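**Student:** Below is one structure. I have some questions about it.
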Amino acid sequence: MKVLIVENDPDLFAALENDIKELGHEIVSANNGKEAWEIIQKGEVRLVIIDRTMPEVDGIEICRKTRHEIQQEKSKNIYIILITGKNNKDDILEGLSAGVDDYLTKPIDFVELKVRLQNGERIIQLEDSCIELSSYDRLTNLLKRDKILELLDEEIHRGWRENRPTGVILADIDYFKQINDTYGHFAGDMVLAEVALRVKNSIRLYDKAGRYGGDEILFVLPNCGIDIVKLVGERLCRSVNENKIKTESALLDVTITLGGTSSDISSQTSRDNLISACDKALYLAKEQGRNRIVAADSTHIHVK
């Protein structure tokens with residue numbers, strides 16, 4: 001795990017760096033509060049050890065800014081350990097009030113440092129596990145709607161910064177209501193879970209798939225122009241319709257229909273506009289006979 005050390009005393013910094021490296025962590029350093037704040041804002045570290053007394057911006061103010069300006073927007077916690085003078089109770093109380101997670105008093109003992117870091121790492125891992133579990137739909141093991149939309153927003157903004165396209169696909173299961181009505185909702189759940197598994201196994205590791213609503217699945221495809229979106233959509237169709245899906249009632253022929261788009265062909269690349277373009281393309285694909293991908297931007301339809 002990366003540990004940010006914010007310390008302007010070179011001797012203390014060297015001691016901390018040596019001890020923390022011995023514990024197997026990677027070191028990121030800052031000499032003052034301003035540098036520390038810039039690193040924290042980039043989201044590169046989850047564990048911070050910072051001195052109470054720092055030039056420009058002190059340790060407690062960094063903690064306060066982190067809690068108020070970053071933690072309210074991001075779900076992942078940054079664990080902050082404050083270094084303070086021995087028996088300086090006022091600093092400790094002020095730090096805890098500002099959101100400091102733990103503290104170390106000078107002179108720093110290696111064993112105490114090790115325990116504090118282990119506690120921080122354990123809490124971060126537990127929090128991440130809880131966040132991960134709460135992000136996934138139980139039935140399909142796909143990301144929940146809020147999470148896939150959050151990731152789509154992030155990917156669109158990353159694409160803007162790095163000048164690369166973001167592909168989006170919206171899919172749903174053909175005649176899913178008919179499956180539920182004919183074979184029962186338990187069979188419908190089995191079909192939905194199996195479709196989710198098949199499409200998830202057909203995308204790249206860094207692509208994302210989420211349950212958008214009911215039997216609709218939303219895919220976020222980093223660095224994918226419209227031509228690649230079409231190819232991905234065709235592959236997703238094949239992954240579902242090549243083999244029948246077994247339920248307790250019957251072996252079923254199941255297909256999916258998809259609408260896709262990419263930010264490289266759309267003049268309106270907000271999340272809502274991209275999803276709207278996908279929805280229009282999905283509607284057209286159904287009109288054309290289902291079990292296919294149609295790709296669109298906000299003004300034109302591109303059929304593969």
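The values are calculated or read from the model by the stated rules, or taken from the named source; none is laboratory data. Keep in mind that this is a model prediction, so the values were computed, not measured. Virtual Cβ from ideal backbone geometry, glycine too; neighbours counted across all protein chains shown.
**Student:** Please list, ordered by residue number, the strands (runs of 3 or more DSSP E) wholly in region 191-304 having 3 or more residues that are touching an Asp or Glu at 6+ places or on another chain (Cβ under 8 Å) and more than 23 Å from Arg161 (Cα to Cα).
**Tutor:** 256-262
**Student:** Exactly one of these conditions fails for Val6: (1) surrounded by 15 or more Cβ atoms within 10 Å (Cβ to Cβ); (2) within 27 Å of Asp153 (Cα to Cα). Give me its number.
**Tutor:** (2)
**Student:** For region 289-304, which residues satisfy the criterion of being modelled with pLDDT of 80 or more and under 13 Å from Lys230 (Cβ atoms)? First the steps, then the outcome.
**Tutor:** Restricting attention to region 289-304, the residues satisfying the condition of being modelled with pLDDT of 80 or more are 289-296.
Across region 289-304, the qualifying residues are Arg292, Ile293, Val294, Ala295, Ala296.
**Student:** Could you please find all residues in region 212-227 being surrounded by fewer than 21 Cβ atoms within 10 Å (Cβ to Cβ) and over 10 Å from Thr261 (Cα atoms)?
**Tutor:** Hits for region 212-227 are Gly213, Gly214, Glu216, Pro222, Asn223.
**Student:** Which of the residues that make up region 270-288 are more than 11 Å from Leu170 (Cα to Cα) and either of a type in the set (Lys, Arg) or in contact with a helix residue (DSSP H, G or I) (Cβ under 6 Å, 6 or more places away or on another chain) (or both)?
**Tutor:** Of everything in region 270-288, those that are more than 11 Å from Leu170 (Cα to Cα) and either of a type in the set (Lys, Arg) or in contact with a helix residue (DSSP H, G or I) (Cβ under 6 Å, 6 or more places away or on another chain) (or both) turn out to be Arg271, Lys286.
**Student:** Take the residues in region 165-174 that are touching a Ser or Thr at 6+ places or on another chain (Cβ under 6 Å) and outside any loop (DSSP other than H, G, I, E, B); name whichever of them is farthest from Phe219 (Cα to Cα).
**Tutor:** Looking at residues that are touching a Ser or Thr at 6+ places or on another chain (Cβ under 6 Å) and outside any loop (DSSP other than H, G, I, E, B), I get Thr166.
**Student:** Report, by residue number, each residue of region 166-191 that is surrounded by 20 or more Cβ atoms within 10 Å (Cβ to Cβ) and touching a Gly at 6+ places or on another chain (Cβ under 6 Å).
**Tutor:** Thr166, Ile169, Leu170, Ile179
**Student:** Still on this structure, please answer the following. Could you tell me how many of the residues in region 79-97 are out of contact with any Asp or Glu (no Cβ under 8 Å at 6 or more places or on another chain) and within 9 Å of Ile60 (Cβ to Cβ)?
**Tutor:** Qualifying residue count, region 79-97: 4.
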